[in-house]
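Undergrad: Here's a structure for you.
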Amino acid sequence: MGKLKYDCTDCVGYCCSIYDRVDVWKKDIKRLGKHFGLTPDEAKEKFTRIVDGHRALKRKSDLIFEETCIFLNQTTRLCSIYDARPDTCREWPVHSGNRCVYYDILKFERKQQDDPTFVPVVEIKVLVDADEED
Ligand code: SF4
Ligand code: SF4
């Protein structure tokens, strides 16, 4: 795959923030419970919710984006449970090879603005297919 062309320590956590759903499965909930000394049921209740019929991590208000994952540390902008993070997060950004599209946007905009601290806010919107309306 080659050297990674993104650096999460120099990012603001787009992947943790702009998606409404970070899906979790039984294995993830068990891992979260173990990390926090909770039973799977307790972890499920405390850290997850149902979104569009899928069990996903809960979210919280964010300083940069409207919301982010409950586990994003808003000071470091890094995952606060890195070793216990769900498989969904472990696999990201698997489809992009050694790149992360959001990191590319961040770097591009910082260069355009000539400001190494500039943070473009990116939002994902799912548009309803016109054929599916009515
Ligand atoms: S958006 Fe990309 S660079 Fe930023 S934290 Fe996520 S994986 Fe890392
Ligand atoms: S669990 Fe960690 S890596 Fe996964 S979305 Fe939340 S903060 Fe990001």
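Undergrad: Just checking, which of Ile105, Ile50, Ile64 is outside any helix (DSSP H, G or I), among the hydrophobic types (A, V, I, L, M, F, W, C) and farther than 19 Å from Asp23 by Cβ? Don't jump to the end; show me each part of the working.
TA: Working: Ile105 fails: outside any helix (DSSP H, G or I); Ile50 fails: farther than 19 Å from Asp23 by Cβ.
Being outside any helix (DSSP H, G or I), among the hydrophobic types (A, V, I, L, M, F, W, C) and farther than 19 Å from Asp23 by Cβ holds for just one of Ile105, Ile50, Ile64, which is Ile64.
So that you can scan it fast, the table gives a plain yes or no per residue for (1) closer than 23 Å to Lys3 by Cβ; (2) buried (at least 17 other Cβ atoms within 10 Å of the Cβ):
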site: Ile70; (1), (2): no, yes
site: Ser80; (1), (2): no, no
site: Arg85; (1), (2): yes, yes
site: Arg110; (1), (2): yes, no
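Undergrad: Just to be sure before I move on: is Thr48 within 15 Å of ligand 2 (Cβ to nearest atom) and not aliphatic (A, V, I, L, M) in the structure I sent?
TA: Working: within 15 Å of ligand 2 (Cβ to nearest atom): yes; not aliphatic (A, V, I, L, M): yes.
Judged against the criteria, Thr48 is a match.
Undergrad: Continuing with the same structure: Filter the range 3-47 down to residues that are in a loop (DSSP other than H, G, I, E, B) and under 29 Å from Val119 (Cβ atoms), then give me how many there are.
TA: Final tally of qualifying residues: 14.
Undergrad: What are the residue pairs meeting all of these: first residue in the range 91-117, first residue without any contact (Cβ under 8 Å) to a residue 12 or more places away in the chain and away from ligand 2 (no atom under 16 Å from the Cβ), second residue aromatic (Phe, Trp, Tyr) and outside any helix (DSSP H, G or I), Cβ atoms under 6 Å, and 6 or more apart or on different chains?
TA: Matching pairs, first to second residue: Glu109/Phe118; Arg110/Phe118.
Undergrad: Give me the pairs, please: first residue somewhere in the range 1-24 and within 19 Å of Asp87 (Cβ to Cβ), second residue anywhere and in a loop (DSSP other than H, G, I, E, B) and within 10 Å of ligand 2 (Cβ to nearest atom), beta-carbon distance under 6 Å, and either six or more positions apart or on two chains.
TA: Pairs found: Gly13/Arg77; Cys15/Trp92; Val24/Pro86.
Undergrad: In the range 1-59, what residues are of a type in the set (Gly, Ala, Ser), crowded, with 19+ Cβ neighbours inside 10 Å and either over 16 Å from the mean Cα position of the chain (by Cα) or more than 10 Å from ligand 1 (Cβ to nearest atom) (or both)? Show your work before the answer.
TA: Filtering the range 1-59 for residues of a type in the set (Gly, Ala, Ser) gives 2, 13, 17, 33, 37, 43, 53, 56.
Filter once more, so that each one left must be crowded, with 19+ Cβ neighbours inside 10 Å: 13, 17, 33, 43, 56.
The answer is Gly33, Ala43, Ala56.
Undergrad: Is it true that some residue in the range 77-84 is closer than 26 Å to Cys11 by Cβ, acidic (Asp, Glu) and within 11 Å of ligand 2 (Cβ to nearest atom)?
TA: Just the residues of the range 77-84 that are closer than 26 Å to Cys11 by Cβ, to begin with: 77-84.
Next, only the ones that are acidic (Asp, Glu) stay: 83.
From the residues that got through so far, the ones that are within 11 Å of ligand 2 (Cβ to nearest atom) too are 83.
The answer is yes, given that some residue of the range 77-84 is closer than 26 Å to Cys11 by Cβ, acidic (Asp, Glu) and within 11 Å of ligand 2 (Cβ to nearest atom).
Laboratory data are not the source of any read-out in this text; all were calculated from the coordinates shown. Keep in mind it's a predicted model, so treat the numbers as computed, not measured. Note: ideal-geometry Cβ built from the backbone for every residue, glycine included; neighbour counts use all protein chains shown.
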